[in-house]
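Every read-out reported here was derived from the displayed coordinates using simple, explicitly stated rules and does not represent laboratory data. Remember, it's a predicted structure, so these values are computed and weren't measured experimentally. Note that each Cβ is placed from the backbone with ideal geometry, even for glycine, and that neighbours are counted across all protein chains shown.
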Amino acid sequence: MALQFQIIPVTQFEQNCSILWCDKSKIGAIVDPGGNFDRIHSKVQKLGIKISKILITHAHADHASLAKHCSKQYSADIEGPHKKDQYWIKTIAVQGKLLGIKKAASFKPTRWLQGGEQIKVGNEILDVLYCPGHTAGHVVFVSHSAKLLAVGDVLFQGSVGRSDLPGGNHKTLIKSIKNQLWPLGDNYRFIPGHGPMSTIGRERKSNPFMADPNYR
């Protein structure tokens with residue numbers, strides 16, 4: 001059976017923390033635990049799964065504040081983001097304090113990620129895409145078996161990630177989406193960092209920031 005998922009909005013920014021798990025082995029990963037640990041842990045217990053990895057798309061506080069805390073609680077490895085997000089990791093405690101996120105702490109990933117790598121979650125495999133532009137070290141996680149992506153703040157339903165913070169670059173962001181996400185195919189669904197899910201096809205056809213006028 002393909003990878004399963006649950007979305008858990010956290011922090012006042014309603015960031016889409018998600019739990020991905022292998023239905024056969026009941027082993028899972030938490031993607032972007034930005035806050036509200038009790039809410040996340042309650043869902044993990046309800047699902048009855050074992051968390052083996054904490055996966056980070058990028059190191060803004062609303063996505064990564066609880067990476068260290070979750071790693072300790074579940075004895076789980078932290079994988080991601082790309083090393084170019086080290087600046088944001090070092091400032092997470094300050095970010096968290098400014099944003100009112102409890103337990104925000106910097107962390108050292110068990111593994112920095114690069115494009116082309118793979119992550120094993122139970123019997124399921126996630127491919128890693130390097131997609132800078134929102135931050136310099138942003139990565140995206142892809143399950144081909146489920147045709148599902150966790151894209152962080154790269155792409156949204158009807159929008160794209162902001163690029164005006166340190167390490168951001170709009171042209172680089174658009175290039176990442178066109179070169180890394182569009183080729184996956186229209187029927188791939190994605191979990192954005194905020195807001196409702198969408199599909200690659202829908203955004204390629206109608207996203208006002210970068211729709212392809214020649215795509216049908």
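Suppose R0 equals 30 Å; then what is the FRET efficiency for D77 and K102 from their Cβ-Cβ distance, rounded to the nearest 0.05? Here the calculated transfer efficiency is 0.85.
Across q = 0.10, 0.16, 0.25, 0.26 Å⁻¹, the stretch 127-216 modelled as identical point scatterers on its alpha-carbon atoms has Debye log10 I(q)/I(0) values of -0.21, -0.54, -1.37, -1.47, in the order of the q list.
Structural descriptor for the stretch 5-147: relative contact order 20 percent, calculated from alpha carbon pairs under 8 angstrom and at least 6 residues apart. Counting only DSSP beta bridges whose two residues both lie in the stretch 4-206, roughly 70 percent are antiparallel.
Taking the stretch 75-115 on its own, what percent of its Cα-Cα pair distances exceed 12 Å?
60 percent
In debye, nearest 20, what is the charge dipole magnitude of the stretch 4-206 about its Cα centre with +1 on Lys and Arg Cβ and -1 on Asp and Glu Cβ, if you could check?
Rounded to the nearest 20 debye, it is 220 debye.
Once the other residues with Cβ under 11 Å from the Cβ of I27 are scored (Lys, Arg +1; Asp, Glu -1), what is the net sum? Spelling it out: positives minus negatives among the neighbours equals +3. Once both labels are positioned 7 Å from their Cα atoms along Cα-to-Cβ, the gap between F209 and S25 label points is 3.5 nm. When the C-alpha to C-alpha distance is required to be over 27 Å, the pairs from K43/K120; K97/K171; K43/K97; K102/K147; K97/K120; K26/K68 that qualify are K97/K171; K102/K147; K97/K120. For the stretch 42-132, the set of GluC sites (Glu not before Pro) satisfying both a DSSP loop assignment and a count of at most 10 other C-beta atoms within 10 Å is empty. Applying D = kT/(6 pi eta Rh) to the chain, where Rh is the Kirkwood radius over alpha-carbon pairs, T corresponds to 10 °C and eta to 1.306 mPa s, the Stokes-Einstein value obtained is 94 µm²/s. Taking 0.36 nm per residue of sequence separation and removing the Cα-Cα distance, the D38/V94 pair yields an extension gain of 18.0 nm. With a threshold of 21 Å on the Cα-Cα distance, the over-threshold entries among K175/K205; K46/K108; K50/K90; K84/K108; K24/K50 are K46/K108; K50/K90.
The residues packed around G193, meaning those with a beta-carbon under 13 Å from its beta-carbon, carry a net charge of -3 if Lys and Arg are +1 and Asp and Glu are -1. Net length available on complete extension from L165 to Q6 is 54.3 nm, with 0.36 nm assigned per residue and the Cα-Cα distance removed.
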